[in-house]
Amino acid sequence: MRQAGRYMKAGYQVLCEKYPSFRERSENVDLVVEISLQPWKVFKPDGVILFSDILTPLPGMNIPFDIVKGKGPVIYSPLRTANDVDKVREFCPQEAVPYVGEALSILRAEVKNEAAVLGFVGAPFTLASYVVEGGSSKHFSKIKNLAFSQPKVLHALLQKFTNSMAEYIKYQADNGAQAVQIFDSWATELSPVDFEEFSLPYLKQIVDSVKLTHPDLPLILYASGSGGLIERLPLTGVDVVSLDWTVDMEEGRRRLGSNIAVQGNVDPGVLFGSKEFITQRIHDTVRKAGTSKHILNLGHGIVVGTPEENVAHFFEVAKGIRY
Ligand SMILES: Cc1c2[nH]c(c1CCC(=O)O)Cc1[nH]c(c(CCC(=O)O)c1C)Cc1[nH]c(c(CCC(=O)O)c1C)Cc1[nH]c(c(C)c1CCC(=O)O)C2
């Protein structure tokens, strides 16, 4: 359940006042550990996700960025040309983000074996979207301009992100992550035929590379709004597909096939409803997912402003479920 810490008034929001820079909060080992543990201490979920961001590797790849309050991620010099892509360095996690490895190993020790520690990375296409657009985007016109007029330049950039994220996943696993989620948040901005060219092959390369050295590490793929791509997602080779709430769980389960696990997919907005409604929706999702290979979760991160007692209720109901 992502961003569990972000909406917690007592913990995260107080720390934000003391440490206003997101980069500082996410790059200082003590703060990363403290923020990652906040939801764990209150709700005791089965998974604890590292507090970080998919963009955290960028400075280590020679792409400066920041996350600005009210504006979101900002890439100061967006990449648009072959020359810009040439300047991108491949990522060496040990050197560039040693605080991530340190935080993961402390988290493992802190949660013992009472919960799984989860790492994550951004998928190549999603990372490319940020660095080409210069930040969040509505129409993705700049990356589409690159994709549909100079595809070779975009492919070169995607390949650098692919090699780098495969290394980053291995590094996270070596330092304590017990499963790693790949976020392809913007892949669904692509038509299926373009997904097959600009995202799927790179996701598959990452999975193949990680499985060579870490065959038992579960890999989870999340692509929000992926209803039009469901059958293609297992082709990446991941172990788990995380669905958002715009897909009916029963249909999603059927379209994914029975070999793959599914995660999700309660609408985060349901947590603004009554306790009875939340209970009903959880049971409905669990029934539709079937009795095996399902990780109950929301279909995306928790929305800021969600009543904390409703989050607690979600966990209570979820933990009480027996097959
Ligand atoms: C697209 C994406 C990003 N970051 C991430 C994604 C993929 C998942 C998704 O689809 O949502 C992933 C992410 N970002 C963050 C986490 C850590 C775990 C967690 O708290 O859930 C994770 C897993 C922390 C964060 N990353 C960010 C925040 C909020 C900013 C803050 O706390 O200062 C947090 C807690 C910032 C961020 N970072 C990004 C955006 C769009 C924003 C929001 C900007 C805004 O709200 O103005 C890029």
Could you grab the relative contact order for the chain? Cα pairs under 8 Å, six or more apart, rounded to a whole percent. 16
Protection-proxy order for peptides 265-271, 105-111, 303-309, each taking the mean of Cβ atoms within 10 Å per residue, highest first: 265-271, 105-111, 303-309
Size of electric dipole in region 9-242: Cβ of Lys, Arg +1 and of Asp, Glu -1, about Cα centre, debye, nearest 20: 500
Most to least packed among 310-321, 26-37, 162-173 [average Cβ atoms within 10 Å]: 162-173, 26-37, 310-321
SER137 versus ASN28: modelled label distance in nm, points set 7 Å from Cα along the beta carbon direction: 3.4
Relative contact order for region 115-191: what percent, with Cα pairs under 8 Å and sequence separation of 6 or more? 56
Relative contact order, percent, of region 36-101 when contacts are C-alpha pairs under 8 Å separated by at least 6 residues? 28
Write down the percent of antiparallel bridges among all DSSP beta bridges whose residues are both part of region 9-242, to the nearest 5. 25
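Bear in mind these aren't lab numbers, they're just calculated from the coordinates by the rules spelled out. Bear in mind that the values here come from a model prediction, so they are computed numbers and not experimental data. Counting neighbours? That spans all protein chains shown, and the Cβs are built from the backbone with ideal geometry, glycine included.
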